[in-house]
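Taking it in order: structure first as structure tokens, then the write-up.
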Amino acid sequence: MKTNSRIFALLMMVTLMAMGFPQDLKRLSYQAYLTQDKNSWKQNVALATQAHQTQPNERTSFDLALMEYGLINATMVDQDERLFDAYVDGLEKRLKTLSSSKTYGAEAKALLSSLYGYKIAYSPMKGMFLGPKSSGLLEEAFAQAPNSPIVLKMMAGNKYFTPETWGGDKDEALALFQKSNQAFEKSGKEQDWMYLDNMAWMGMIYLEKENEAKAKEIWTEAVKLEPNFHWVAKGLLADLN
């Protein structure tokens with residue numbers, strides 16, 4: 001059974017490489033996000049790992065980091081700390097290496113900042129020393145790439161999840177989620193799972209501000225854009241109806 005799985009993965013990788021791997025990897029991550037299927041994320045990480053081993057360069061390393069980050073994000077759905085622990089160290093090391101890249105450095109720092117945020121979520125006591133590191137990395141990332149949709153998204157998440165006493169601000173988070181999606185749109189990357197994720201969080205902020213109509217408007221737009229966005233269609237939006 002394991003042999004068959006390895007053969008399938010190899011064939012899939014060869015096919016993706018022939019078709020243009022980064023684009024197909026992006027599509028796979030998009031589908032994994034829609035289903036919130038951790039097994040799909042793990043399979044995608046395996047494919048990205050094989051691609052990086054075949055062509056070890058910054059581009060394939062960053063593609064792998066994005067896939068690993070997607071998997072880490074998926075562990076938050078059911079607080080799967082065991083799966084988180086299995087991947088977090090490898091991703092942290094990869095992002096630290098990429099943080100010195102001229103091409104991917106800003107995004108790598110922003111993702112590393114968010115990764116520290118996930119570490120704090122699983123172990124709140126780590127916030128004392130990881131919180132300042134996370135904030136510092138975001139400041140560096142924004143200084144390097146203020147219009148990067150990924151950097152803007154990570155800043156938005158930081159503002160949303162950080163307590164107000166430590167600099168958090170829901171209004172700033174909302175504005176940053178909006179700017180992130182505007183940046184995604186300018187780069188023609190609306191079909192990125194982070195774009196949809198931004199829309200989900202924007203709606204939640206409006207709901208927290210007791211603006212149910214605006215939350216419903218954004219979530220309805222998200223479902224129109226992607227009918228299979230079940231987190232919103234069958235969860236957040238359905239709860240409003």
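The values are calculated or read from the model by the stated rules, or taken from the named source; none is laboratory data. This one's a predicted model, so the numbers in the text were calculated from it and none came from an experiment. Here the Cβ positions follow ideal geometry from the backbone for every residue, glycine too, while neighbour counts run over all protein chains shown. The protein model used for the area step is the full one, side chains on, heavy atoms only, and it has no ligands, DNA or RNA in it. Shrake-Rupley method; radii C 1.70, N 1.55, O 1.52, S 1.80 Å.
Odds and ends about this structure:
- Checked against (1) modelled with pLDDT of 95 or more; (2) farther than 23 Å from R27 by Cα, L64 meets all criteria but (2).
- With respect to (1) of a type in the set (A, V, I, L, M); (2) touching a Phe, Trp or Tyr at 6+ places or on another chain (Cβ under 6 Å); (3) at pLDDT below 95, the lone exception for M128 is condition (2).
- Looking only at the range 34-64, and only at residues there that are among the polar types (S, T, N, Q) and in a loop (DSSP other than H, G, I, E, B), the one that is most open to solvent (accessible area, probe 1.4 Å): Q55
- Only one of M155, M67, M125 that is under 18 Å from the mean Cα position of the chain (by Cα), farther than 25 Å from T54 by Cβ and either exposed (fewer than 15 other Cβ atoms within 10 Å of the Cβ) or in contact (Cβ under 8 Å) with a residue 40 or more places away in the chain (or both): M155
- Count of the range 189-221 residues which are closer than 18 Å to D169 by Cα and either open to solvent by 90 Å² or more (accessible area, probe 1.4 Å) or in contact with a His (Cβ under 6 Å, 6 or more places away or on another chain) (or both): 3
- Residue in the range 172-185 that is more than 17 Å from the chain's Cα centre (by Cα) and either open to solvent by 30 Å² or more (accessible area, probe 1.4 Å) or more than 22 Å from M76 (Cα to Cα) (or both) present: yes
- Per-region count, the range 226-241, residues closer than 16 Å to S29 by Cβ and open to solvent by 80 Å² or more (accessible area, probe 1.4 Å): 2
- Residue list for the range 84-111, restricted to those being open to solvent by less than 20 Å² (accessible area, probe 1.4 Å) and farther than 12 Å from F62 by Cα: F84, V88, A110
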